[in-house]
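The structure appears below as structure tokens.
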Amino acid sequence: MVLLSVVLVISLSSGSEYIPLSVFWNDEQSHSLKEIIYTLRLPRAINAITVGALLSLAGLLIQNLVKNPLADPYILGISGASAFIQLLIIASGFILPFWLFILCGFVASILSIVLLITISSRNGLKTNNLLLTGVVIAFAYGAMISLILSISPLSTTKSMLFWLMGDLSFSQLSFLPLILLIIGSLWVFRYHKELDIMARGDLFANKCGVDVKSINLTLLITASVFTAIAVSMAGTIGFVGLVVPHIARLLVGNCHAHLIPISAIMGAVVLLIADTVSRTILAPIQLPVGIFTALFGVPLFLYLMTKRS
Amino acid sequence: MIEIKNLTVLNKEQKLISNLNATFKEGEFWAILGKNGTGKTTLLHTLAGLLDYRIGQITVNGIELRSLSSIQRAREIAILSQLMETGLNCTVEQNIAYGRYAWNKLKNNKRSDEKLINAAINNMELEELRQKSIQEISGGELRKVEIATILAQNSQIMILDEPLNHLDISFRYKLMHLLKQLSDKKLIIIVTHDIQYVKAYCSHVMLLNKNGETSIGLTSDIMNINNINKMLDTNLPKNILL
């Protein structure tokens with residue numbers, strides 16, 4: 001939490017123009033500097049924290065669910081549905097209010113989850129079926145996204161590509177996603193002991209008395225909603241959901257009582273740092289945040305892995 | 001007590017065991033024997049509530065097995081399966097403590113839990129491996145950890161699918177002796193191919209024949225060369241039972 005606070009302070013101060021936080025207790029300073037922080041940087045920082053933590057937690061749950069360390073929140077096609085609908089809106093030229101744009105992406109993701117669960121759980125929810133169905137659905141969305149990109153005019157292609165790589169530049173101040181994150185994290189934390197046992201194997205957990213089927217379904221829905229909120233707010237930001245849970249494991253081990261909060265905090269830290277760098281490194285030009293999540297996270301992950309081994 | 005009435009065990013659509021009727025009671029040590037592919041593991045998993053059944057009825061202490069919740073089921077029945085998953089890293093002690101989940105669900109282990117966990121570790125001679133990762137131990141040691149986990153689970157019914165696999169000869173005797181002792185107060189059911197151990201330790205047997213028929217009863221009545229040859233569909237000499 002200390003690390004997150006430090007990164008938040010740096011993030012709020014950094015940008016095209018350096019603004020020391022002392023402006024808040026110094027009345028003589030320009031009112032417009034406070035406005036920049038309140039209306040531009042703070043919403044963006046809050047969204048980066050929320051999206052980073054949501055993606056990281058979703059990644060942790062999905063990796064546990066499909067027992068595959070290479071799984072990420074996007075593997076089940078949840079992000080593809082959101083991206084497809086949102087790109088379709090951009091391509092069609094409709095100017096929707098930003099909240100409606102987010103809502104369309106969220107609804108598409110939820111419908112995609114319902115489709116995925118309906119198809120893959122006809123004979124009971126089996127993780128292999130889930131994974132295969134999800135990957136196939138994700139391919140279908142990928143093809144449709146490529147089609148939209150291919151036939152769209154060049155003027156809209158750049159904003160579409162930004163959205164596909166993850167973009168926090170449209171952020172508006174709303175605490176609803178943050179509140180959902182806190183409620184969702186506490187909800188996931190309730191299952192920390194079951195997650196410990198299920199990480200050992202579903203059959204093993206079932207024998208110990210864990211209601212594996214219903215917990216898997218609950219956690220799949222939770223991870224999907226987390227992903228849906230994140231991608232509808234900021235596009236498909238890569239790397240966070242895949243690698244941050246591993247970074248957390250390297251830091252605190254496999255006990256989910258520690259892993260859940262640390263994954264959320266590390267996800268928030270990684271995305272906040274990446275976003276701060278993406279909007280300052282070539283300021284005033286803003287780059288897609290997805291580029292920097294990987295550029296910052298890969299060396300951190302490799303360093304921790306080498307240190308551990 | 002487990003009561004089976006008119007149970008038909010299926011593997012997908014293939015009938016493995018037809019119209020099975022049996023009663024297993026506390027104080028009995030059962031062995032289920034049969035050729036490969038006769039449905040022993042499927043039957044054990046069905047009795048443990050890990051597989052559903054469509055035809056027939058299974059009751060545990062008078063309650064329909066499928067109506068029990070996962071927690072209630074694990075409190076009544078502990079099962080050792082043949083498949084040994086290792087999943088993510090955890091220590092031997094943590095793994096054995098997971099056996100207490102059905103009793104302490106979301107709380108930390110109580111003193112009584114620790115007593116059972118320690119007893120299971122001692123019985124399976126795992127003291128030195130307590131803090132080792134389950135991914136760093138041998139197949140035989142992992143088998144002992146799995147057995148220790150169901151000992152810590154301390155259910156009234158213990159079902160073990162080929163518990164002697166991976167164990168050295170001296171430990172096999174030790175385990176069978178322990179199971180025999182436990183069967184004074186619990187119901188123990190094992191699947192094994194070692195007929196000498198069955199003759200020496202088990203009070204009751206169920207022989208599964210290839211055509212789905214069964215021979216059920218006291219070991220002294222059922223374990224004769226005619227029944228063994230019928231079960232295995234072969235012609236073994238009498239002295240294999242010595």
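Per-structure values
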item	result
Beta bridges by DSSP in the protein assembly as shown, antiparallel share as percent, to the nearest 5	50 percent
Relative contact order, percent, segment A:2-308 [alpha-carbon distance under 8 Å, six or more residues apart]	32 percent
Global geometry of segment A:85-206, whether rounded, prolate or oblate, following the gyration tensor of its Cα atoms and the 1.5 cut on a/c	oblate
Label-point separation in nm, residue B:91 to residue A:303, each point 7 Å along Cα→Cβ	2.9 nm
Chymotrypsin sites (Phe, Trp or Tyr not before Pro) within segment A:43-121, DSSP loop, no more than 15 other Cβ atoms inside 10 Å	A:94
For segment A:217-304, projected area of the alpha-carbon convex hull averaged over all directions, nm²	6.1 nm²
Nonlocal amide H pairs with residue B:34, under 5 Å, H built at 1.01 Å	B:208
Interchain or long-range residues, amide H under 5 Å from residue B:155's placed H	B:78
Centre separation in Å (Cα based) which lies between segment A:124-166 and segment B:74-145	44 Å
Dimensions (Å) - the protein assembly as shown, Cα atoms, principal axes, largest first	99, 49, 39
Options A:188, A:176, A:144, ranked by Cα towards positive dipole end of chain A, top entry (Cβ charges)	A:188
Neighbourhood net charge (9 Å Cβ-Cβ; Lys/Arg +1, Asp/Glu -1) for residue B:91	+1
Additional length obtainable on full extension of the chain from residue A:174 to residue A:89, 0.36 nm per residue less Cα span	28.4 nm
Cα-based equivalent ellipsoid of chain B: semi-axis lengths in Å, sorted from largest, via gyration tensor	30, 22, 16
Two-site FRET efficiency, residue B:233 against residue A:119, from Cβ-Cβ distance with R₀ of 30 Å, rounded to 0.05	0.10
Cleavage-rule hits, GluC sites (Glu not before Pro), segment B:1-90, DSSP coil, Cβ neighbours within 10 Å at most 15	B:13, B:26, B:85
Net charge, residue B:204 excluded, C-beta distance under 10 Å - Lys, Arg +1, Asp, Glu -1	-1
Reference-scaled alpha-carbon Rg (2.2 N^0.38 Å with N residues) for segment A:2-308	1.01
Mean shadow area of segment B:166-214, taken as a quarter of the surface of its Cα convex hull (nm²)	4.1 nm²
Spin-label pair residue A:257/residue B:111, simplified geometry with 7 Å Cα→Cβ offset, distance in nm	2.0 nm
Label-point separation, residue A:2 to residue B:67 (7 Å along Cα→Cβ), nm	5.7 nm
Alpha carbon centroid spacing (whole Å) that separates segment A:55-90 from segment B:14-64	41 Å
Phi-based couplings in Hz for segment B:154-159 (Karplus 6.51, -1.76, 1.60; Gly and Pro marked x)	6, 7, 6, 10, 10, 10
Between segment B:203-242 and segment A:257-309, the alpha-carbon center distance in angstrom	65 Å
Packing-based exposure ordering (other Cβ within 10 Å, fewest first) of B:202, A:104	A:104, B:202
Surface/4 estimate of mean projected area, convex hull on alpha-carbon atoms of segment B:71-193, nm²	7.4 nm²
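We did not get these values from a lab; they are worked out from the coordinates using the rules stated. All of these numbers come straight from a predicted model, not from anything done at the bench. Positions of Cβ are generated from backbone atoms using ideal geometry, with glycine treated the same way; all protein chains shown enter the neighbour counts.
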